[in-house]
Amino acid sequence: MIDEEILRSGVLYDPAPLLKDQQERLELLRSFNASAAPEREKMMCSLFASVGSSVYIETPFYANWAGQRVHIGNNVYINFLCCMVDDAPIWIGDRVMLGPRVTLCTASHPLSASLRSEGLQYNKEIHIADDVWISSHAFIGPGVSIGRGSVIGAGSVVLSDIPEGVLAYGVPARVIRDITEDDKK
């Protein structure tokens, strides 16, 4: 078995020894996606590392470890076709909204073709603070942190940290401006 610390450290490793365990977890996810909303709510505690109250997840929902390393706060909404590559922990704060087809990806592969041919990968945690909205089709890459109250625009590719209280979008995403009191109008 691979040490959990390696899975979050950014160190290259071979994930092959984990495939059997991963397949067992994916069976839970298949059941989750096939269930009605009230049943899904009951199943969340067995899927996720931690889950707060008033969490709603539209299906289908995808996670390559069925949420095993995903920590979800309170009052979180996750829209259709969300994909979480949860090889390392994903931390989602309170009052977070994820739009349709958002991808949170903790895993990546080396640039070297010879290392990729060995099946190696590395992972880095993702942190999404309270009150963040990530709009549809956004991609959040390994090691990214998004600050409290920020908004990520549709179709963005976020590969570096985003500070709190800003609007960011683009490919790659960049800070466009601060979110201000005028945005309440």
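For this structure, a couple of remarks:
- Strands (runs of 3 or more DSSP E) fully within the stretch 95-185 that include at least 2 residues being among the aliphatic types (A, V, I, L, M): 126-128, 166-170, 173-178.
Conditions (1) open to solvent by less than 10 Å² (accessible area, probe 1.4 Å); (2) under 11 Å from the mean Cα position of the chain (by Cα), marked per residue:
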residue	(1), (2)
Glu5	no, no
Ala16	no, no
Asp21	no, no
Glu24	no, no
Ala34	no, no
Tyr62	no, yes
Val76	yes, no
Leu81	no, no
Asp87	no, yes
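- Yes/no for Gly99 being surrounded by 16 or more Cβ atoms within 10 Å (Cβ to Cβ) and touching a residue at least 40 places away in the same chain (Cβ under 8 Å): yes
- Out of Glu118, Glu125, one residue alone is in contact (Cβ under 8 Å) with a residue 40 or more places away in the chain and either under 20 Å from His71 (Cβ atoms) or among the polar types (S, T, N, Q) (or both). It is Glu125.
- Those residues of the stretch 154-169 which are closer than 18 Å to Lys124 by Cβ and surrounded by fewer than 16 Cβ atoms within 10 Å (Cβ to Cβ), in sequence order: Leu159, Ser160, Asp161
- Condition broken by Arg148, with the remaining ones in (1) at positive phi; (2) open to solvent by 30 Å² or more (accessible area, probe 1.4 Å); (3) touching a residue at least 24 places away in the same chain (Cβ under 8 Å) satisfied: (1)
- Filter result for Gly143 (touching a residue at least 60 places away in the same chain (Cβ under 8 Å), within 17 Å of Ile162 (Cβ to Cβ) and in contact with a Ser or Thr (Cβ under 9 Å, 6 or more places away or on another chain)): yes
- Among residues of the stretch 65-79 that are of a type in the set (D, E, K, R), those with a Cβ under 8 angstrom from a residue that is surrounded by fewer than 24 Cβ atoms within 10 Å (Cβ to Cβ), sequence gap 6+ or separate chain, pair up as Arg69/Ala49; Arg69/Ala88; Arg69/Pro89.
The values are calculated or read from the model by the stated rules, or taken from the named source; none is laboratory data. Only a predicted model underlies this, so the values are computations on that prediction, with no experimental measurement involved. Every residue, glycine among them, receives a Cβ derived from its backbone with ideal geometry; neighbour counts consider all protein chains shown. Accessible surface is based on the protein model in full, side chains and every heavy atom, while ligands, DNA and RNA are left aside. Shrake-Rupley method; radii C 1.70, N 1.55, O 1.52, S 1.80 Å.
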